Amino acid sequence: MSSAAIETNQDSNNRDEKLLIDVGSTYFKLSTDDNLEQHFRDFNKDILDDLMQKCGDTIAGFAKKDVHICSSANGGLTTLIVGISHTFSLKYATNIAFNSGINIIDTVLYQDIEDYSIPSDLIDVVIIVGGINSNGGVFSSRLYDYLAQLHYSNIVFVGNEIDAPTVEENIDHVVILPNIIDNRLHIVEDHLSDYLTHLYQQDIEGKEDVKNLYNITSNQIYPTPYIVNKTLPLIDAKFSVVNPFILLDIGGATTDIHYSKDLVDDNLVSENEYDRLVFKKLGVYKSKQSLIFAAKNNEFVYELLMHLKVTENIFEEQSKKATKILMQLAIFLVLCKISHYRKAYINIKLLSLNSIVLTGGITKVLIREEIEDIISFFYKKILNSEHNPVTVLDSHYDIWTLEAASLKERGKKLCQ
Amino acid sequence: MYIQVRALKNMKVVTGVVGNDIHVVANRLLELSLDARGYEVFNLGVNTYLEEFFDAVVETGADVLMISSLNGEAEGWSREVQLLKAKYKHLDNLIMMIGGNLVVGTGSAEDIIPKYKNYGFDIVCHQVDLNTGLDQLEAFIEERVVNDSDIKESNK
Ligand code: B12
C-alpha cells in the first residue's frame, strides 16, 4: 500500500496547487483549489489505506511537497491539571491546554486532592501548577501520594520556583518549566504551550496510522485545533463575520469552540485574540450516547423537542431525521454550556455576540433555517432575549482551508 | 505565626475593589501607600469578585486581604464572605480588612463596624482616609505578634 502511495505521488502534474487533508475522528476532508471531498472513515482500515481507496485519484495528482495534512484523529491528548486555585492556577493551565489543542479530563483543586476520584484511563499529560515564585511550600507529600495512583505518560510542573527542586526529587521524569503565573499574577503562556504542542505533535507522529501518512506528504502533520485557533484572525478574509464571534465545530467525538476574547470578562489577560474550549464528550457519532445523556438531563430539552415536533423516541431512531435532531440538540446544548445559565470554566457573553460561525459536518446536514431556529429558541428560552446573532455557515470548509495559508509559516516556527 | 517569621514590613497584601465597582482612584492610592510602607502589594484592581480575592491570597501566600468598596456594593458581598472563606482550608491566619463607603447613603461607624466584624473582617474603615486605615493595620499586626508571643511564653 505505502509503496503505491509513493509511486502515485511521483506522477504529480499540478504545479502550485496544494492538497489539504484533515483527518478527523469520524471523517476526513480533502480540499484542492476547486474541489472539496468529504468521506466517512472506515474504522476497520488503516487511515492511509482508507484514504487511498476513497480518494486515491485526487492524491495521485499531487507531489508529496504539495500535500498538507492535519489531524485530530484520536480526539487529541488528554490532561489532568492539579492547581491550588480556580481563578489562577487551574484557569491559566486550562486556558493554555485548550489553546494547545489538549482536552481536559479533570481539574483537581490541591487543597481537596484526597476527595477526587482517580481516573482509570491513561492520562497523556499531568500538569501541576500553583503559587507565584515567592510562595513556596505549597506542595507536599499529599501531591505525591495522589500522583502515585494515577496512570500517566508525561508530567510537567509549571508552578512556583521554590517548590520545583522538591517536586523534581519526588516525581520521576517530571519536566520542570517556568511558572505560568508571574509575580503580578498574570499568565505566562509560552513555555507550557510550546511543550504541550510538541507533545501533541509527537503523539500524532507516533501513531502508526498517522506515520503512514508521511508516505503521501513531506510536510509536517499538525494537530487540527492548534492550527484553527491560529488562523481565526484571518476569518474575515472569507466571510462577512462581525466581531465578536464564536466558531462552533461540532464533530463526531468532540465539540470545539473558538471565541473572541472580548466575549469573556476575565482576570486572565493574554495576547490571544481568540481562545479555544472543548467539550470532550459532545459529538454526534462517537459521542452520541453521552450527547443524548446530556440532553435528557437538560430541563429545556423536552420543550425543544416539542418545538421541533418530535418526541424523545427520536433518540432510538437511526434515520436522517434523527441525525438532524441530534445536531440541533448539540447546538442547543453547547450554547447552554457556555452561557451564564451554566457556571463553567468560562461564561461567554452571548448577548454581546454578533456572529455564530458553524463549521464541520453539521453544515452538510442542517440547512440555515434549521440552525437559526435553534439559536433563536435558545436566546428566547434561556436568555429571555430577542437578540439574534448572524449565523454564518462554513459549508465549504473555508475556515479549515484558510489554515493552508499559514501552515508553512507555522511549520517553520514549530520546528525551531 | 506566619507574621512572626516575616518582617512586619515585608508582608504581602492582596487588594482590589469588590464587585462591579469601578471607582479606581482610591485603589491606585492604596497601592502606592502600601508600597511606600514596604508591603508587597498584589493589586487586583477594580471589578474583582470575592473568589478572585481569596484565590489570589492562596497563590501569593498573602498575609493581608484589603478590600475596597466605594459605590455601595460592600454589604451585599460582605454577607457572603464567611461562607466562601470557609471553603478554603488554609486562610485562618489571614488578616481581613475592608474600607471605603461601606453603606449606601449615610451611616454611623458604631453601627457599621460591629456589623462588618460579624461578616468576618478584622479591620473595618468606613470613610476613613487611607493613612489612618493603614496605621490601624500596623497596630493590629503588632498586637497580634505580641499576643502570639504571649501564648508561646505561657506554653513554655
Ligand atoms: C469619581 C466618582 C465616580 C466616577 C468614577 C471614575 C473612576 N473610574 O474612578 C464615575 C462617574 C464613573 C462614578 C460612577 C458611579 N458612582 Co461614583 N463617585 C465618584 C466621586 C465623585 C469621587 C470618588 C473618588 O475618586 N474620590 C477620590 C478618592 C481618593 O477618594 P474615595 O474614593 O472616597 O476613597 C477615600 C476613602 O474612602 C478611603 N478608602 C477607599 N477605599 C479604601 C480602602 C481601605 C482599606 C481604606 C483603609 C480606605 C479606603 O481612602 C480614600 C482616600 O482617603 C464620589 C463622591 C465623592 N466625592 O467621594 C462618587 C461616589 C463614590 N459614587 C457613587 C455612586 C452611587 C456611583 C454610581 C452608582 C452612580 C450611578 N448611579 O451610576 C456609579 C457606580 C459605577 C460603578 N460601577 O462603580 C456614590 C456612592 C454612594 C454610596 N456608597 O452610598 C458616591 C459617594 C457619590 C455620592 N455621594 O452619592 N463615580
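Only one of the listed residues (A:Asn215, A:Asn154, A:Asn160) is within 14 Å of chain B (Cβ to nearest Cβ) and crowded, with 16+ Cβ neighbours inside 10 Å. That residue is A:Asn160. A single entry from A:Ile127, A:Ile104 fulfils the requirement of being buried (at least 24 other Cβ atoms within 10 Å of the Cβ), at negative phi and part of a strand (DSSP E or B): A:Ile127.
Give me the residue from region A:131-151 that is of a type in the set (Gly, Ala, Ser) and within 29 Å of the chain's Cα centre (by Cα) and, out of that set, farthest from the other protein chains (Cβ to nearest Cβ).
Among those that are of a type in the set (Gly, Ala, Ser) and within 29 Å of the chain's Cα centre (by Cα), it is A:Ala148.
Taken together, A:Ile105, A:Ile84, A:Ile123 contain a single residue that is of a type in the set (Val, Ile, Thr), in contact (Cβ under 8 Å) with a residue 40 or more places away in the chain and within 13 Å of chain B (Cβ to nearest Cβ), which is A:Ile84.
The listed residues are B:Leu137, B:Leu70, and the only one of them that is more than 14 Å from chain A (Cβ to nearest Cβ), touching a residue at least 60 places away in the same chain (Cβ under 8 Å) and near the ligand (Cβ under 10 Å from one of its atoms) turns out to be B:Leu137.
Here A:Asn229 qualifies as away from chain B (no Cβ under 14 Å) and either assigned to a loop (DSSP other than H, G, I, E, B) or modelled with pLDDT under 95 (or both). Within region A:360-372, the set of residues being surrounded by fewer than 16 Cβ atoms within 10 Å (Cβ to Cβ) and in contact (Cβ under 8 Å) with a residue 60 or more places away in the chain comprises just one member, A:Lys364. When region A:199-224 is filtered for residues that are without any contact (Cβ under 8 Å) to a residue 40 or more places away in the chain and either more than 14 Å from A:Leu48 (Cα to Cα) or aliphatic (A, V, I, L, M) (or both), the ones remaining, listed by number, are A:Gln202, A:Gly206. Looking at B:Glu52, B:Glu73, B:Glu40, which is the one that is of a type in the set (Asp, Glu), closer than 20 Å to A:Gly131 by Cα and touching a strand residue (DSSP E or B) at 6+ places or on another chain (Cβ under 7 Å)? The match here is B:Glu40. In region A:19-32 there is no residue matching the filter, namely being at pLDDT below 55 and aliphatic (A, V, I, L, M).
B:Ile112 meets each of the listed conditions (1) at pLDDT 90 or above; (2) within 9 Å of the ligand (Cβ to nearest atom) apart from (2). Does region B:47-64 contain at least one residue that is more than 20 Å from A:Gly83 (Cβ to Cβ) and surrounded by fewer than 15 Cβ atoms within 10 Å (Cβ to Cβ)? Checked region B:47-64: no residue is more than 20 Å from A:Gly83 (Cβ to Cβ) and surrounded by fewer than 15 Cβ atoms within 10 Å (Cβ to Cβ).
Selection within region B:73-92: residues that are among the hydrophobic types (A, V, I, L, M, F, W, C) and away from chain A (no Cβ under 14 Å). The member of this set that is nearest to the ligand (Cβ to nearest atom) is B:Ala74.
The values are calculated or read from the model by the stated rules, or taken from the named source; none is laboratory data. Small disclaimer: the values here were computed from a predicted structure and weren't measured. Heads up, the Cβs are rebuilt from the backbone with ideal geometry, glycines too, and the neighbour counts pull from every protein chain shown.
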